[in-house]
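Report on one structure; see the data block that follows.
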Amino acid sequence: MIKYFGKRFFYMFLSLLVIITATFFLMRLAPGNPFTSEKQLPPEIEANLNAHYGLDQPWYVQYFDYLKRIATWDFGPSFKYKGQTVNDIISEGFPVSLALGIEAIFIALALGVLLGVLAALYHNKWQDYSSMIFAVVGISVPSFIMAALLQYIFAIKLQVLPVARWDSFAHTILPALALATTPLAFIARLTRSSMLEVLSNDYIKTAKAKGLSRGVITVKHAVRNAMMPVVSYLGPLSAGIITGSFVIEKIFGIPGLGSHFVTSIQNRDYTVIMGVTVFYSILLLLSIFIVDIIYGLIDPRIKLRAHKKGA
Amino acid sequence: MSALPNKKDKFVVVGSQADHAEKINKPSLSFWKEAWLHFKKNKLAMFGALLLIVLITMAAIGPHIVKYDYATNDLMNSNQPPSKEHWFGTDDLGRDVFARTWEGARISLFIGIAAALIDLAIGIIWGGIAGYKGGRVDEIMMRIADILYGIPNLLMIIILMVVLGQGLGTMILAMTITGWIGMARIVRGQVLQLKTQEFVLASRTLGADSRRILFKHLIPNSMGPILVTLTLTIPTAIFTEAFLSFLGLGLNPPLASWGTMASDGLPALEYFPWRLFFPATFICLTIFAFNVIGDGLRDALDPRLRK
Amino acid sequence: MEKLLEVKNLEVGFQTYGGYVQAVRGVSFDVNRGETLAIVGESGSGKSVTTQAIMKLIPMPPGEIRNGQILLDGEDLVPKTSKQMEKILGQDVSMIFQDPMTSLNPTMRVGAQITEVILKHNNVSKETANKKAIELLELVGIPRAEERVRQYPHQFSGGMRQRVMIAIALAANPKLLIADEPTTALDVTIQAQILELMKSIKKEVGSSIIFITHDLGVVANVADRVAVMYAGQIVEIGTVDEIFYDPRHPYTWGLMASMPSLETVDEGQLEAIPGTPPDLTNPPKGDAFAPRNPYALQIDYEEEPPMFQVSPTHFAKTWLLHPEAPRIDPPEAVLKNRRKLAGTFEKPVMVMEV
């Protein structure tokens, strides 16, 4: 068990190192110096600034400095906005993004699983067909288009929900729905196929032969086993929610980390881009790692395999 | 319980008769033919295929059937709603949205197909070598792929776009740098499967027609998952293009893609909704078409899913 | 003897892509209280479908019970809804499946899988059910039962899992236990243990058992009566003695001849039945076995044979028993064992017109 997670942790760490290294060197390749983009600075001030940010050092010194700073949870300063650090931006924007993300994940999981289970239970009936058409449409409508559509219908035409900003719960509904659509559809499809597979298993027949009711069989025997693929989808799900939030926060004018990230991209604020990317990567890899642990706890068979390998 | 009359001659032993036993009841079809029959039955997939044909046809002829050019500004006629003159209306610079939509179709489809084909090429080389060589080479190559697989895709694409600068080429490059891994994994799996089937092949070389086996069974069976992945890569790439446009990392004007059109149209949603409506609809329709075709192919090409 | 189960003219079919499969084509038999009936046949002969029809476990659609009655204690199960069946399954009829590796829920503790039957059908507390589960595990010969109830199926070997399945099947003291090839997926040594267990349980619990198998060798050990199925029909049914010492149907002969025994192994005269069973989307005209039958008569290719009665308990469905049929001696393997049994009629009697 411990060996299994140790190995997972090691791979996570390697992936993270690759990301940090890649972003670091890519950013050095980026066209132009961070300070040259807009105003022409006198050379001595530029040299001063470079020295201040350590840019006059050889690359490997900068690289290891950067690694050291990341290890101490310091993502560096913003080059565009003086006095603001990436850490400031994260602590300001992330709580908002987190709230939005959790709401979206909740919607996607609850409705997605419900739709998928219904579709599987009524396999080849109208419930199945309609859920699956809904799901394939959901997968085909990108979140930003869904956002625009929801805004147009509910905020502009019907005027039942606010168009934008982030003040009350009502403000969270449309962006969370827009963010949840694609993963919701995906979870519905995943749950359905997983449920169908589980329902064809012999132990479901055993459960039926026990005289258990359909409800008990569905909940106790089928759904629990069918949730395994859904659990392992939680990692990619959080990735989707994070990247989705960039556009959604922008469209709905939500002051989250995603919005800040997009602004920094548009401003070519390289250090912020780099810092936020690394932060997101840590977040994602960590969530994938946690999902792995949860998976191991839910499925008793995983323990055995790890034990056997370890022995 | 009457005795049966006139049946004396029927009670003679004739024994087992092979021709009765060996009757073949199902006509045996070639792999592709059976797959096609299955695909044809899938109404949603057939609808997707039809939709795709229409979209491709329009991408080919669309820009030519109106008298307007996709890039010519006409500020006197900016933000016109759909009319007889401008079927899909005009945008803020007075450009014809219909012409731009189909010009955009070309670019979006090109990006999708190019990204998918490049993924396929790299995937075949990487996954093919890993699967064919096996052993340590395979171990190392797939470990590298595993580590890269852990990296969030879109984040890396964004970074690459920031560094490489905007443009059609850089966009496809950025997508494929991260996109090939999934394909490489699939190809490797298929190669491993083919390898074990080589024994079958070898044993048949003496007697049976081995080319027939190769082309009728082995290649079609391994092509399935690759074809499906290929089909599903295209909508992902189209989505990514639009996504990048929204982040301001899309193509440079006056080039039109569905993504740039939609992101330009978004701020005007309240007053000029058609500027978003048309590109957005076609993004969705195209992704939808590829998705249902991919699903249909998966069902039709996987013998286990056929019943 | 009192009849527990009566199956009358059962017909089951499935709608598939390849057409309509007539999996069970008019099967009738009954099971007495405390009796073990073995149903023998090749895969695809309809034996599993027959028993799954009794439990109404056939997925409908694509399956359907087209015709017939299934009387359990005189009550017809065919028209019952799945809700009504819940009271009967597990309680009156329970089932042991073929593959113990897949028949248990992998993410549920073994104890919980047993207690859920007990809790469903008996009004008892959780503690009582737990105690009963431990007792059941002891009954089926699982050591350290108290520890084992808290384990997951993957911690059990195949044979142990099949014992757990038996414990589950016995949990609510069913009147009828259906065992669908319970030993097929197991190692030979384990097979024998499970068979022994089934026999001792039958003595102890007193339920009736339907034992499905493709292995005639297993039958002699456990069954009171044997039904031989071919192509969705019962072709011969009788007591164990009648089937083993005086089989009448050429298919049963083929089964006997292909069954290894101590002598045949030495003399190397094991015979396989040539060919494969017919495709039941298109059942052949006449006797379905005729194309594989070295003794087939002309009429076998034209008309389906009626059932002939050979003794009060012995029936066979073959034209060879018709008065006009030529006298045919069964193969050596059958002749060698043939015995004159008391109760056999002078002449077979036709009991069913075509």
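For a straight C-alpha distance cut-off of 12 angstrom, the aspartates and glutamates reachable from C:Lys340 (same-chain residues fewer than eight places away being disregarded) are C:Asp241, C:Glu242, C:Asp246.
For the set A:Ser232, A:Ser213, A:Ser91, solvent exposure ranked by accessible area (probe 1.4 Å, protein chains only) runs largest to smallest as A:Ser91, A:Ser232, A:Ser213. The spread of Cα positions in chain A, taken along each principal axis and listed from longest to shortest, comes to 85, 64, 29 Å. Do any of C:Lys47/C:Lys131; A:Lys157/B:Lys67; A:Lys220/C:Lys131; C:Lys3/C:Lys203 go past 29 Å between their Cα atoms, and which? Table pairs above 29 Å Cα-Cα are C:Lys47/C:Lys131; A:Lys157/B:Lys67. Chains A and B together bury roughly 3400 Å² of accessible area, counting both sides, with a 1.4 Å probe on protein heavy atoms only. The residues of the stretch C:313-329 occluded by other protein chains by 50 Å² or more of accessible area, set against the chain on its own, are C:Glu324; surface from heavy atoms, 1.4 Å probe. Plainly put, the stretch A:187-271 has a radius of gyration that is 1.32 times its Kirkwood radius, both from alpha-carbon atoms, as the Rg/Rh ratio. With a simple spin-label model that places each label point 7 Å from the Cα along the Cα-to-Cβ direction, the separation between C:Asp187 and C:Gln69 comes to 4.9 nm. FRET efficiency for the B:Arg143 to A:Val61 pair, using the beta carbon distance and R₀ = 22 Å, is estimated at 0.15.
Largest accessible area first, the listed residues A:Arg189, A:Arg69 line up as A:Arg69, A:Arg189 when surface is computed with a 1.4 Å probe on the assembled protein chains.
Measuring with a 1.4 angstrom probe and ignoring ligands and nucleic acids, B:Glu34 comes out at about 60 Å² accessible. For B:Thr281 and C:Arg144, the FRET efficiency from 1/(1 + (r/R0)^6), where r spans their Cβ atoms and R0 equals 56 Å, is about 0.25.
Taking only protein heavy atoms and a 1.4 Å probe, the accessible area of the protein assembly as shown is 61% carbon and sulfur.
Over 21 Å between Cα atoms: which of B:Lys41/B:Lys195; A:Lys205/C:Lys132; A:Lys210/C:Lys132; B:Lys10/C:Lys336; B:Lys10/C:Lys285 fall into that group? Too far apart for the 21 Å limit: B:Lys41/B:Lys195; A:Lys205/C:Lys132; B:Lys10/C:Lys336. Its Cα gyration tensor gives the stretch B:61-126 an equivalent ellipsoid. The semi-axes, each the square root of 5 times an eigenvalue, are 34, 11, 8 Å from largest down. The residues C:Arg148, C:Arg66, A:Arg224, sorted by heavy-atom accessible surface at 1.4 Å with ligands and nucleic acids left out, run C:Arg66, A:Arg224, C:Arg148 from largest to smallest. The calculated Kirkwood hydrodynamic radius for the protein assembly as shown is 33.3 Å, given to one decimal from all distinct C-alpha pairs. Residues of the stretch A:142-168 whose accessible area (probe 1.4 Å, heavy atoms of protein chains only) drops by at least 20 Å² once all protein chains are present, relative to their chain alone: A:Pro142, A:Phe144, A:Ile145, A:Ala148, A:Tyr152, A:Ile156. The residues of the stretch A:245-259 occluded by other protein chains by 40 Å² or more of accessible area, set against the chain on its own, are A:Val247; surface from heavy atoms, 1.4 Å probe.
Largest GNM mean-square fluctuation across A:Gly296, A:Gly101, A:Gly275, computed for chain A with C-alpha springs under 10 Å, falls on A:Gly296.
In the context of the full set of protein chains, residues of the protein assembly as shown present 46 Å² of accessible surface per residue (probe radius 1.4 Å, heavy atoms only). GNM on chain A, alpha-carbon springs under 10 angstrom: the most fluctuating residue among A:Pro175, A:Pro300, A:Pro95 is A:Pro300. Just so you know, the Cα atoms of the stretch C:93-173 work out to an Rg and Dmax of 11.3, 32 Å.
Using every pair of separate Cα atoms, the Kirkwood estimate puts the hydrodynamic radius of the stretch A:157-311 at 18.8 angstrom. Separation of the stretch B:59-131 and the stretch A:208-269, taken as the distance between their Cα centroids, equals 31 angstrom. Rounded to the nearest 20, the Cβ-based charge dipole of the protein assembly as shown about its Cα centre (Lys and Arg +1, Asp and Glu -1) stands at 620 debye.
Measuring with a 1.4 angstrom probe and ignoring ligands and nucleic acids, C:Lys202 comes out at about 50 Å² accessible.
Chain B against chain C buries an accessible area of about 2000 Å², both chains summed, 1.4 Å probe radius.
Cross-link partners of B:Lys43 among aspartates and glutamates, defined as those whose alpha carbon lies under 20 angstrom from its own and excluding same-chain residues fewer than eight positions apart: A:Asp128, B:Glu34, B:Asp295, B:Asp299, B:Asp302. Using a Gaussian network model of chain C in which every pair of alpha carbons under 10 angstrom is joined by a spring, one finds that among C:Ile201, C:Ile168, C:Ile212 the greatest mean-square fluctuation is at C:Ile201. When the alpha-carbon atoms of chain C are used, the pair Rg, Dmax equals 21.2, 68 angstrom. Only protein heavy atoms count here, probed at 1.4 Å, and on that basis chains C and A bury about 2000 Å² of accessible area in total.
The values are calculated or read from the model by the stated rules, or taken from the named source; none is laboratory data. Please read these numbers as outputs of a predicted model, since none were measured by experiment. Don't worry about glycine lacking a Cβ; one is built from the backbone with ideal geometry, like all the others, and counts go over all protein chains shown. Surface accessibility is based on the protein's heavy atoms, side chains included, excluding ligands, DNA and RNA. Shrake-Rupley method; radii C 1.70, N 1.55, O 1.52, S 1.80 Å.
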